[in-house]
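Participant: Let me give you the structure first, and then I'll get to my questions.
What follows draws every value from the coordinates through simple rules; no lab data is involved. These figures come from a predicted structure and were not determined experimentally.
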Amino acid sequence: RPIYQEAETGFERRKPKLPLVPSLTSNFTLIRYVSHPDRAKNAAFLKEWATLLQTWLPTTQIYFCVHCPIEIHSPTNAHFVQQVLE
């Protein structure tokens with residue numbers, strides 16, 4: 001099994017499956033997005049985040065951190081978020 005699948009399985013065992021309910025409680029926010037190494041699997045999620053971020057940007061300072069268990073993919077996934085926002 002690829003390393004990512006092992007990490008993903010361990011993550012799923014430790015974390016409950018709960019719905020994400022994004023909401024602002026301050027004039028700034030920090031979002032840590034844990035991405036999949038396959039960019040195509042992130043596309044729908046990142047586009048959804050980008051849409052939400054565009055609504056928050058006029059009034060909120062946003063720090064969006066993109067992480068991937070296989071770290072070499074993090075910059076590419078972060079760049080994709082930037083492209084969607086632009």
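Participant: Which ³J(HN,Hα) values, rounded to whole Hz and listed in residue order, are derived for the range 37-46 from phi using the Karplus coefficients 6.51, -1.76 and 1.60 in 6.51 cos²θ - 1.76 cosθ + 1.60 with θ = phi - 60°, glycine and proline given as x?
Facilitator: x, 8, 3, 4, 6, 8, 3, 5, 5, 5
Participant: What shape does the range 14-86 have by the C-alpha gyration tensor, where a ≥ b ≥ c are the square roots of the eigenvalues, rounded means a/c under 1.5, and otherwise prolate means a/b greater than b/c and oblate the rest?
Facilitator: Oblate shape, in that a/c is at least 1.5 and b/c is the bigger or equal ratio.
Participant: Right, another one. Go through the range 20-32 residue by residue and turn each phi into a ³J(HN,Hα) via Karplus (6.51, -1.76, 1.60, θ = phi - 60°); whole Hz please, and just put x for glycine and proline.
Facilitator: 7, 10, x, 8, 9, 10, 8, 8, 9, 8, 10, 10, 10
Participant: Moving to a separate point now. Per-residue HN-Hα couplings for the range 54-62, Karplus 6.51 cos²θ - 1.76 cosθ + 1.60 at θ = phi - 60°, whole Hz, x for Gly and Pro?
Facilitator: 4, 6, 7, 4, x, 10, 9, 7, 10
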